[in-house]
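The values are calculated or read from the model by the stated rules, or taken from the named source; none is laboratory data. Please read all numbers here as calculations on a predicted model, not as lab measurements. Ideal geometry is used to build each Cβ from the backbone, glycine not excepted, and the neighbour counts take in all protein chains shown. All accessible areas refer to the heavy atoms of the entire protein, side chains included, with ligands and DNA or RNA removed. Shrake-Rupley method; radii C 1.70, N 1.55, O 1.52, S 1.80 Å.
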Amino acid sequence: MSGWDTCGEWLAGGRQRLAQLTVVQTLRERWGGVQSPAEPPLLVTVAEAERLAVTAVDDSQQAVVQWTAKGNEAEAVEGLVAAVCGAVERQGWTGRTVSLQVPPDWCMALLSELPTGLSNEEQAEAAYWEMADQLGSSGLEAENYAIASCALPTGALWTAAVPRVRLAQLRAAAEAANLPLVRLWAGPATDGRAQAVLWQPVRDAPYVRYLRWSMAVLVVLLLGFGLGRDLCAFYTARQARQTAEAQLSALATDQRAMAVRQAVHQRAVRKAQVLQELSAGRQPWYSLLVHLGTVVPEGVWLEQVQLAADGSCRLQGRAVDYPALTHFLQGCEQTEGFFTQLPQLEEARQGEDGSLTFRLRLQL
């Protein structure tokens, strides 16, 4: 044998050993769509006289058990599941899946003769609407029933309707008893050849599962990217806000300092103006008061002295009588170099007691 032949045999044996590895088989099953061989489900049919026939189709073994359907719906369902579980345990079929026939007395059946030339989907749809119409005429709602049909060897179409609540109770009882159901069906015969499938788990094709996982990963990546972008934008906005707040705080501090300085400056200006006014008007006031003190005679009282911006002076006071007021006016007229004009009596009123109230204007 040549070296090339030996190398070829070694490579062929290596491929065989590699194909027998469990990991490789698992990968081929999951990613290549290759399903590992599995035992066919146990076929459970409902016979007469409340008997169940549990058949292993692969080895043609069968176990017949008695089933009591008396009592309410819950008891009937639990009794059916318990009978199947007992037969499975006695035969050593624990762990195998089960295809269970729904008892005929749970079903509403309808036999239809449909025209030839219809496809299987068209036949099933026609049978569904015919059964739905039958349920509606009986005052029942088709949405509350599981409706399925199957073709008989005679060519007719057999349709069954079972309440969805009853199927849900049957599945819940099987799950509680660890009975792996893979199909619930109804049929006119007990051999299982004509099955109107009422329920079975939906299995997606391998590529559908991969597509879903891919979409999920893509959505997660997109969400992560969007979240990261939002976080980045949030961080940038937060930094910008902090910077703006710092600038506004510094500006507010500057504004407060400027306001304080302006207030101090305004107070200083007002103080200077007041001092200037006081210093400018100190001598005229002083001179006026001294001069008035020399010319006011007895019987005359000054109550108010007011200087105007035009250099005039208004006096308001009281006199005991007209001769006293006349004497005061003559004293103001005889003053030379102090008042630039003659005094003007603006008002003089005599009260009930004879005293006078007067108002006088003098020009400085």
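Leaving ligands and nucleic acids out of the surface, order Y322, Y128, Y210, Y235 by accessible area at 1.4 Å, largest first. Please report the intermediate quantities before stating the final value.
Details: Y322 115, Y128 85, Y210 55, Y235 140 Å².
I get Y235, Y322, Y128, Y210, largest accessible area first.
At 1.4 Å probe radius, can you tell me the per residue accessible area of region 67-146 in Å²? Could the numbers behind the result be given before it?
On the way: 4630 Å² over 80 residues.
Normalised by residue count, the accessible surface of region 67-146 is 58 Å².
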Collect residues whose amide H, placed 1.01 Å from N in the peptide plane, falls under 5 Å from the amide H of A47; neighbours closer than 5 in sequence don't count. L52, A53
Surrounding charge for E39, neighbours by C-beta under 11 angstrom, Lys/Arg +1, Asp/Glu -1, total -1
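Exactly which trypsin sites (Lys or Arg not before Pro) in region 42-135 are in a DSSP loop and have at most 12 other Cβ atoms within 10 Å? Spell out each step's value before the answer.
On the way: sites: R51, K70, R90, R96; in loops: K70, R96.
Here the sparse-neighbourhood loop sites are K70.
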Over region 126-267, what percent of the accessible surface lies on carbon and sulfur atoms, probe 1.4 Å? 61
Rounded to the nearest 10 Å², what accessible area does V182 show when all protein chains are kept and the probe is 1.4 Å? 20
Put W185, W106 in order of accessible area, largest first, probe 1.4 Å, and you get W106, W185
With every protein chain kept in place and a 1.4 Å probe, region 213-260 has an accessible area per residue in Å² of 87
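For every other residue with a beta carbon closer than 12 angstrom to the beta carbon of W199, add +1 if it is Lys or Arg and -1 if Asp or Glu, then tell me the sum.
Numbers: positive: R164, R166, R171, R183; negative: none.
Its environment carries a net charge of +4.
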Treat each spin label as a single point 7 Å out from the Cα along the C-beta direction, and report the S355 to V269 distance in nm. 4.7
List the GluC sites (Glu not before Pro) within region 38-143 that fall in a DSSP loop (any state other than H, G, I, E or B) and whose Cβ has at most 12 other Cβ atoms within 10 Å. E48, E113, E141
